[in-house]
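**Q** After the structure tokens below, expect a handful of questions from me.
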Amino acid sequence: MTAPSTIAADDGSAPVRFDLVAALKDSLKAGAIAFGLSIPILAFKTEQSGGDIFLRPRWGLVAVFVAIIFGVRLLQHAFHATKAYRLATPDAHQATEFVHAEPSAFQKVSRFGIPFFLGIAISFPFLIYLIQGGLDQSRYWVDLGILILTYVMLGWGLNIVVGLAGLLDLGYVAFYAVGAYSYALLSTTFGLSFWVCLPLAGILAAFWGIILGFPVLRLRGDYLAIVTLAFGEIVRLVLINWTDLTNGGAGISSIPRATFFGLPFSSGEDGFAAFFGIEYHGMQRMIFLYYLILALALLTNFVTMRLRKLPVGRAWEALREDEIACRSLGINTTNTKLTAFAIGAMFGGFAGSFFAVRQGFVSPESFNFLESAIILAIVVLGGMGSQIGVAIGAVVLVGGPEILRNLGFLSAVFGESFDPNEYRLLLFGMGMVAMMVWRPRGLISERQPSVFLKESKAISSSHVKEGHG
Amino acid sequence: MSMAGPTPAGTTLSDPARKPLLSVRGVKTYYGNIIALKGVDMDVHEGEIVTLIGANGAGKSTLMMTIFGNPRAREGTITYAGRDITQLPTHQIAQLSIAQSPEGRRIFGRMSVFENLQMGASINKMAHFDQDLERVCTLFPRLKERLQQRGGTLSGGEQQMLAIARALMSRPKLLLLDEPSLGLAPLIVKQIFAIIKELNEQDGMTIFLVEQNAYHALRLAHRGYVMVTGNITMSGTGRELLENPQVRAAYLEGGHH
């Protein structure tokens, strides 16, 4: 940032006031650049009529665009100036005294927010039923809820590996695939029920976690990321090419649906509805799936929270901070890494078998690199190591693009021909970039200690240097 | 309360008849093809403070890390309490009640001071955690105030104290300290050296101290070694080395720091 209003803050001189003229000048410059850029990009639309192409000028759109750039730039200056002013004003207690950090907004959120979010999650199908006014109308929302919770669970599983143990894993989707195919194959071949296959899928995925873990024990950071990325691709390619077992790219279909502990969700006499003497409805299965994935996700969270307080969880976090120090304190880093990979993979496997039972169909296409990237983005965006952060990250990253479907009001700004759906992912990408600029360590970057002594006290992450690796 | 076993009273330090607690014989360490230690011999007897001084790049820290098996010695043997530890992995060496406060402190920045200390106690499965916590809090009252604070928010001196305290939590018999005075204000350096002395005299802890601050280190130590480019060039009692004209010229001229 070379803006005149912020330079002064860098060399630590006297408190800076907001220099309006300089900011206006800079914003005008940005507006002019935007105008220049928009001439070839936005200003003319080509319209074909018969064999001819006409250029239709759109100066209105250009004006709106330039105005937005100008406004955003001005706001940015104001934002930076206030921040610089705040930083330049000395804090009497800074660093020399016991740091009594005011609880940040996010900590206040987490105190009341966790029961609140949990309440929303548990009552979600009912709330949607009431809001939408019917079971059929709420189908889309419950389905979205299931999708989000699946990613919450995957995020929490990956959080063990990436957030706690600090091992950057770009191939997490491999374990998701192992879980999904475990259930698909075991149930279609041996007729095993979901409740038997679920733990088996977890165990198999954990086993593959260890298999991945061994060759990468010595790797860290970028190198580890590349190898795990390759591992994810290997699993997908094996699924495509081992046609005898996996049916290749065509996938495995007609996977048995989940039953309510043996009662199928069908309209028949031995079905769930008949057993409980209620009227059959297709949504009953959906709502059951919703609570199933909610329970699985909460199990993941519960186990992770418990593990964090145990020596193994502490060792994971210490490993993330400093591997050499860990070893010289007598921690067996090999075992520590392998348990992180195995436990993270196990939850991926659980989520995978849930995916298979929900879809009734699995194919290698569902387990491509993009999935790994989304799960990793959820963890990084939410705040590595923070459980609530990952949950919020999943809601934002999976729910966000859906909510952006309802952007009809934008066509009022940009004219009738503007289709907001086309810009959905662009807006989403811009949102992500903005987030990483303003909260580079994720939405919830505060790490709560695993032990509290009398009173809990948190220090903003900005006081702490970035960890290694 | 004593953190290490009681020292046999009245034994003379560095008595040649006694077997040394830690013995380094002909150790050569390489970084790739570059030789860093060219055959080092050194002994640390039980109850001693032994210091290793030398200039930047002499190989002091390499020797300390080699004792801990990272990097491993390519030639020579390292024996601890009569056991050959040359080929042991680092974490197993740590489990033999050797603790290390490594170069650059290497505390866990995002974890609280309390959690850092818990990590230090992980070898003995937190068996004496409460007692040991109280002990290090008496030694380092600053840390007590900051137990709930993150390691990364501590000042340099406090981080050094934490690194030593963390090492003490495993109740080591032998404590290896790598440049505990690095980058600290003279007053804090004095404090830290006083604590090292206390640990040795009251708890009978054996201490191997790598230092650049030759004056303080030699005044504190029973014996010292001087290292120059991967070789031990001189050894003797702390006083002898302090008075040695070569040592004075190389490491002590320009006043004591």
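**Q** Ranking request for peptides A:282-294, B:31-43, A:340-352: highest mean number of other beta-carbon atoms within 10 Å first, then the rest in descending order.
**A** Highest-to-lowest ranking by the protection proxy: A:340-352, A:282-294, B:31-43.
**Q** Please list the non-local residues whose amide H lies under 5 Å from the amide H of B:THR51, H modeled 1.01 Å from N, same-chain partners needing a gap of 5 or more.
**A** Answer set, sorted by chain and number: B:LEU209, B:ARG223, B:GLY224, B:TYR225.
**Q** Rounded to the nearest 500 deg cm²/dmol, what is the calculated helix-only ellipticity per residue at 222 nm for the protein assembly as shown, with -39500 (n - 2.57) per DSSP H run of length n ≥ 4?
**A** -16500 deg cm²/dmol
**Q** What ranking, highest mean first, results for peptides A:274-280, A:387-393 when packing means the other Cβ atoms within 10 Å averaged over each residue? Working shown, then result.
**A** On the way: A:274-280: 10.7, A:387-393: 26.4.
So the peptides A:274-280, A:387-393, ranked by packing, come out A:387-393, A:274-280.
**Q** Can you run phi through the Karplus equation (6.51, -1.76, 1.60; θ = phi - 60°) for the stretch A:364-371 and list ³J(HN,Hα) in whole Hz, with x for Gly and Pro?
**A** So the J values, rounded to whole Hz, are x, 4, 6, 10, 8, 4, 4, 4.
**Q** Nearest 10 degrees, 0 to 90: what angle lies between the long axis of helix B:129-139 and the longest principal axis of chain B (Cα atoms)?
**A** 70
**Q** Per residue of A:313-324, how many C-beta atoms from partner chains lie within 10 Å of its own C-beta, taken as a mean?
**A** 5
**Q** Same structure, new question: Just to confirm the number: angle between the C-alpha axis of helix B:156-168 and the first principal axis of chain B, 0 to 90 degrees, nearest 10?
**A** It works out to around 90 degrees.
**Q** Scan around B:ARG74 for amide H atoms under 5 Å from its own, H built in the peptide plane at 1.01 Å from N, and keep only partners 5 or more places away or cross-chain.
**A** Placed amide hydrogens put B:LYS28, B:THR29, B:TYR30 under 5 Å from B:ARG74.
**Q** Explain nothing, just compute: Karplus ³J(HN,Hα) = 6.51 cos²θ - 1.76 cosθ + 1.60, θ = phi - 60°, for every residue of the stretch A:125-130 in order, whole Hz, x for Gly and Pro.
**A** Rounded to whole hertz, the list is x, 6, 4, 5, 4, 5.
**Q** Hey, another quick one. Over the alpha carbons of the stretch A:105-399, what is the largest minus smallest coordinate on each principal axis, giving the biggest first in Å?
**A** 64, 54, 29
**Q** Relative to 2.2 N^0.38 Å, what does the C-alpha radius of gyration of the protein assembly as shown come to as a ratio? Two decimals please.
**A** Ratio of Cα Rg to 2.2 N^0.38 Å: 1.18.
**Q** Let me ask another. Could you tell me which of the pairs A:LYS25/A:LYS83; A:LYS337/B:LYS173; B:LYS173/B:LYS197; A:LYS309/B:LYS173; B:LYS28/B:LYS197 are separated by over 22 angstrom between their Cα atoms in the structure shown?
**A** Numbers: A:LYS25/A:LYS83 20 Å; A:LYS337/B:LYS173 29 Å; B:LYS173/B:LYS197 15 Å; A:LYS309/B:LYS173 28 Å; B:LYS28/B:LYS197 31 Å.
Over 22 Å Cα-Cα: A:LYS337/B:LYS173; A:LYS309/B:LYS173; B:LYS28/B:LYS197.
**Q** Rounded, prolate or oblate, given the Cα gyration tensor of chain B, with a/c below 1.5 counting as rounded?
**A** rounded
**Q** Give me P(r) over the stretch B:115-227, computed from all C-alpha to C-alpha distances, binned every 5 Å, as integer percentages.
**A** 2, 11, 23, 24, 21, 11, 6, 2, 0
**Q** From the backbone phi of the stretch A:216-231, what are the Karplus-calculated ³J(HN,Hα) couplings (6.51 cos²θ - 1.76 cosθ + 1.60, θ = phi - 60°) in whole Hz, Gly and Pro given as x?
**A** 9, 4, 8, 8, 9, x, 4, 5, 4, 4, 5, 5, 5, 4, 4, 4
**Q** Could you work out, residue by residue across B:88-100, how many beta carbons of other chains sit within 10 Å of that residue's beta carbon, and then give the average as an integer?
**A** 4
**Q** Can you give the mean number of other chain Cβ atoms that lie within 10 Å of the Cβ atoms in peptide B:160-170?
**A** That works out to 1 on average.
A short reminder: the numbers here are calculations on the coordinates, not readings from a lab. Please read these numbers as outputs of a predicted model, since none were measured by experiment. Here Cβ is always computed from backbone atoms with ideal geometry, including for glycine, and neighbour counts include all displayed protein chains.
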